[in-house]
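What follows is a set of notes on a single structure, which appears directly below.
Just so it is clear, none of the values below were taken in a lab; they were calculated from the coordinates. If you're wondering where the values come from, they're calculated on a predicted model, not measured in any experiment. Please note: Cβ atoms are built from the backbone with ideal geometry, for glycine as well, and neighbour counts cover all protein chains shown.
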């Protein structure tokens, strides 16, 4: 690399860092009271229509803040901390319905309509929230685990690992045996900034997996939901539950579009963030999205 190329790379790196820092500096954390009184935190930044992001089973809103620079020029992005995660409160009694109420509370905290995007377990909460408020204008659902098999054995071993202080091994067990993420992708996840947060909140998966065990996907009920919905999945996703969920939503939702991220699994927002953000932005703004 010659001197000119080196200077160009340094300038590009500085500009990218400055844009990211600027986006972060302008963000604010709000607290919204859910139906049961639990305070739900959300970090908001940007201008334009609201886009509320609901993270998956582990971690917190910081899983999504790296995408803020790619979204905040078009949206007022609000990344939630789900109950029991990050800066949000919790309650002694846990129900999936409460998670849906939390999403609806954040949506309803302002009078204007909002887009909602949920990943994994957060996508289940987002789907259910659409039945609780009429202020969601469009949905984006990335591989919601709607149809679970019996994971009692894996959950029992995870509990034993957590009690023994083996939290990282418990998370790896969840990712490989329940979500069925490949060992290579798990190894890549360990090198990302979000990994410590996922490990720290791994115990939340116990109650969530059990809640999903009692969840029953009702295709007729879902068929009454006429919201424009973008379904996202990875071509390399191995979990039969996640595949069945996407197929069930494709068959049930009257107004849906499917986008398959080629070569990706359950974490396309981490591995191809720019492409991920472009697909979501195009859909939400009504542009043509390659899919079906």
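Its relative contact order, with pairs defined as Cα atoms under 8 Å and 6+ residues apart, puts region 157-290 at 20 percent. The alpha carbon convex hull volume per residue for the chain rounds to 141 Å³. Against the compact-protein benchmark of 2.2 N^0.38 Å, the Cα-based radius of gyration of region 201-273 scales to 1.25. Residue-normalised convex hull volume from the C-alpha trace of region 43-194: 127 Å³ per residue.
Summarising the overall dimensions of region 136-199 from its C-alpha atoms, the Rg and Dmax are 13.9, 45 angstrom. Computed from label points 7 Å out along Cα-Cβ, the spacing between residue 160 and residue 207 is 2.4 nm. Within region 131-265, the proportion of C-alpha pairs whose separation exceeds 21 Å stands at 49%. Calculated [222 nm] ellipticity per residue, helices only, for the chain: -12500 deg cm²/dmol; basis is -39500 (n - 2.57) per DSSP H run with n ≥ 4, divided by all residues, nearest 500. Once the Cα-Cα distance is subtracted from the 0.36 nm per residue extended length, the residue 110 to residue 282 segment shows a gain of 59.5 nm. When Rg and the Kirkwood Rh are both derived from Cα coordinates, the Rg/Rh ratio for region 197-241 amounts to 1.06. Shape analysis of region 112-169 based on the Cα gyration tensor places the equivalent ellipsoid semi-axes at 33, 13, 9 Å, largest first.
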